[in-house]
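Read through the structure below, which is laid out as structure tokens, and then see the notes.
The values are calculated or read from the model by the stated rules, or taken from the named source; none is laboratory data. It should be emphasised that the depicted structure is a prediction, and the values quoted were computed from it without experimental measurement. Note that we place each Cβ from the backbone using ideal geometry, even for glycine, and neighbour counts take in every protein chain shown.
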Amino acid sequence: MSFSIQDPKEGDALTLSAVIHNSGIAAAGFDVSMYDGDPATGGTLLLQETVLDVIPSGGRVTLGFGISTAGFAGIHEIYIVADPVNKIDEVNESNNIAWSRLSIAPSGMALQFLRTGVHTRQTIM
């Protein structure tokens, strides 16, 4: 897995590319999920995509996940899980997960509200 920007800042458009290798029999119709944090310990599901095309034995497919980095500054462990509900019968279920650390810098922009020229109106009768 790889990220389109190596040192992203909050607000940058970011894409995660994940290569799914099939070392078993031909497979299709399974989900690939992206989490912020380890899904085994409560990671948050960010995105999910279903692989519809058949991946032949020994084949691979590259999936792209768009990540919104707005409000996402900080260090994250991004996990990709192929076939998270074990829909496909496999000899080795332990090779369906990969993760990478992602550090998103704050944008450095600040929003400030200034109060200027407050006027009041009084009616005198």
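Brief remarks on what is shown
- Single condition Thr15 does not satisfy, out of (1) more than 29 Å from Ser107 (Cα to Cα); (2) β-branched (Val, Ile, Thr); (3) in a strand (DSSP E or B): (1)
- Restricting segment 1-44 to residues that are surrounded by fewer than 14 Cβ atoms within 10 Å (Cβ to Cβ) and in contact with a helix residue (DSSP H, G or I) (Cβ under 9 Å, 6 or more places away or on another chain), the residue that is modelled with the highest pLDDT: His21
- Residue within segment 78-89 that is farther than 19 Å from Ile104 by Cα, of a type in the set (Gly, Ala, Ser), touching a Pro at 6+ places or on another chain (Cβ under 8 Å) and part of a strand (DSSP E or B) present: no
- Residue that is nearest to the chain's Cα centre (by Cα), among those in segment 32-74 that are of a type in the set (Ser, Thr, Tyr) and not in a strand (DSSP E or B): Thr69
- Considering each residue of segment 70-79 in turn, at least one proves to be of a type in the set (Phe, Trp, Tyr), at pLDDT 95 or above and surrounded by 12 or more Cβ atoms within 10 Å (Cβ to Cβ).
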